[in-house]
Each structure stands twice: as structure tokens, then as C-alpha cells.
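Every number in this text was worked out from the coordinates using simple rules, so none of it is lab data. What you see is a predicted model; the values in this text were computed from it and never measured. Please note: Cβ atoms are built from the backbone with ideal geometry, for glycine as well, and neighbour counts cover all protein chains shown.
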């Protein structure tokens with residue numbers, strides 16, 4: 001028998017090709033609580049498959065995306081809402097989110113290393129050199145690796161041990177933007193809008209650059225992505241203390257037809273739920 005071609009390995013490799021379809025089922029769901037309850041089983045199943053095929057880039061990317069989606073959609077959101085009520089009680093939730101994001105980030109790095117040996121070590125030693133080896137086949141893994149690291153940094157609430165790695169998020173996002181800016185309805189552009197306003201080397205032009213990213217992603221999504229409006233409200237309207245604009249953007253998020261883009265139904269529902277929560281907190285977020 002040829003090494004590496006056992007029936008078990010063959011079945012696992014075939015299964016990995018269908019994982020995108022499994023993710024699509026979750027993303028089209030209109031019941032977030034059903035997804036919250038079902039997702040952990042899917043994640044542990046993925047980890048079991050990864051144990052059986054530890055160098056399968058598709059499985060590793062699926063694990064990275066799964067843990068990132070679950071952490072952003074539910075755990076970090078719970079932490080943010082609890083923090084608005086009781087900072088102390090929110091800390092365990094932020095710690096859990098951080099751990100899950102770090103796990104996601106680890107899978108993302110392993111996915112990239114599966115295609116580019118020694119990527120992880122080089123990424124920490126010389127990030128620009130490591131990124132030069134990536135190609136279009138690495139787009140998905142690069143995005144989820146960036147998303148996971150950004151999530152871990154956010155959940156750490158300013159921990160310098162993680163914050164020092166923020167520029168790596170930028171490198172991964174800029175790679176995707178250069179190679180496939182329209183990937184996943186402009187996901188890299190939307191992420192760059194947020195990164196631009198938090199990058200350590202932010203300049204006087206950063207706000208204008210970030211708003212240009214917003215215009216571009218709005219164009220790509222046709223105004224059918226509620227999260228874009230929510231992000232704008234949180235990134236720009238609050239910092240500029242523009243209460244009217246904040247309300248307008250969140251109302252636009254709430255007006256998005258969740259059935260117009262079924263592939264993004266769950267994300268739109270979650271974004272609209274956050275929009276409603278933010279509107280309830282408007283007097284806390286604005287001084288006048």
C-alpha cells in the first residue's frame with residue numbers, strides 16, 4: 001500500500017472538501033441560538049478530523065474559520081454586552097474568547113504552514129519575508145488567521161503581549177486585499193477599515209483611508225451587509241460624537257433585508273441584533 005493513502009486518510013481528505021458546504025448551512029440559518037448550540041459539536045468534530053489528518057490545509061482552515069466565527073458571533077459579543085453592565089463579570093467571557101481566538105489563530109498558522117513549510121517561524125522572525133511566499137491559494141487561510149489574531153487582541157483588552165502582533169494582522173489583510181480584494185464580498189476591505197483606525201502607525205490620513213474602504217465595501221455588498229453599517233457607526237460615528245449619523249447608520253443596518261442575501265443571513269441577523277443593542281445604549285455612548 002502506498003504510504004498516506006489509507007482508507008481513513010482518503011475519507012478524511014474527501015470530507016474536508018465538503019466542509020465549506022457545512023459552513024454555508026450555518027451562515028444561511030435564521031436562528032442564531034440554534035447555531036450557538038450546534039456549533040461546538042461541529043468544532044470538536046473538526047478537531048477530531050485534524051488529529052487524524054494534521055497537515056490537511058483545508059481542515060485546518062475550516063477549524064480556524066469555525067473557531068473565529070463562533071468566538072466573534074457569540075462569545076466576544078456576550079463579553080461586550082456583559083462589560084456594559086459589569087466589567088468584573090465580563091472578564092471570564094473575554095478570557096474565554098481570547099483562548100478560542102488563540103486556538104483559531106494556531107489553526108490558521110498551521111494551515112499556512114501546511115502549504116509553506118516553516119511559515120510560522122519565519123512569520124515571527126521576518127513577517128514580510130514569510131508573506132512573500134504566499135499565493136492566491138492561501139487567501140482563505142490568511143483571512144481567518146488575521147481575523148483570529150485581531151479577535152484575540154480585542155478580547156485581551158490591551159494586553160501588550162498580544163498587541164505587539166497587531167502589525168501582523170495588517171500584513172495578512174493587505175495580502176488578501178492585493179491578491180483578491182473582492183473575496184467573500186470584500187471581507188478583506190471591511191477588515192482593513194477597522195484595522196486602519198487601530199494600527200500602531202496610524203497617520204493623519206488614516207480616517208480618510210478607512211472611510212474609502214467603507215465606500216468600497218458598501219459598493220461591493222450593495223448595501224446588503226448590515227455589519228458594514230454597524231462597523232461604521234462604531235468606528236467613526238462614536239469617535240466623532242456624531243449622534244445623528246450613528247442613529248442613521250444603525251437604522252440602515254436594521255433595514256437590510258436578511259433574505260436578499262441568504263448566504264449572509266446569520267451574519268446580518270447578528271449585526272442587526274448588535275445594532276439594536278447599540279441604539280439602546282446611545283445615551284451612554286454620546287455626551288450630547
Equivalent ellipsoid semi-axes for region 9-180, as square roots of 5 times the alpha carbon gyration tensor eigenvalues: give them largest first, rounded to whole Å.
25, 22, 13
Square roots of five times the C-alpha gyration tensor eigenvalues of region 219-274, ordered largest first and given in whole Å, equal 21, 10, 9
Separation of region 192-213 and region 216-288 by C-alpha centroid, Å?
19 Å
In degrees, nearest ten, helix 7-16 long axis to first principal axis of the chain (Cα)
20 degrees
Could you give the radius of gyration (one decimal) and Dmax (whole number) of the Cα atoms in the chain, in Å?
19.2, 74
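Could you list 144, 183 so that the one with the fewest beta carbons within 10 Å of its beta carbon is first and the one with the most is last? Spell out each step's value before the answer.
On the way: 144 28, 183 17.
Fewest-to-most ranking of 144, 183: 183, 144.
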Relative contact order for region 203-288: what percent, with Cα pairs under 8 Å and sequence separation of 6 or more?
31 percent
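Given contacts defined as C-alpha pairs under 8 Å and at least six residues apart, what's the relative contact order of the chain, whole-number percent? Before the final figure, lay out the partial values.
Working: 348 pairs, mean separation 45.4, N = 288.
After rounding, I find 16 percent.
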Alpha carbon centroid spacing (whole Å) that separates region 109-188 from region 50-98:
17 Å
Starting from the eigenvalues of the Cα gyration tensor, five times each then square-rooted, give me the equivalent ellipsoid semi-axes of region 183-288, largest first, whole Å.
21, 19, 10
Per-residue [θ]222 nm for the chain (sum of -39500 (n - 2.57) over DSSP H runs n ≥ 4, rounded to 500):
-22500 deg cm²/dmol
For region 164-236, what value does the Rg/Rh ratio take when both radii are computed over Cα atoms and Rh is the Kirkwood radius, given to two decimals?
0.95
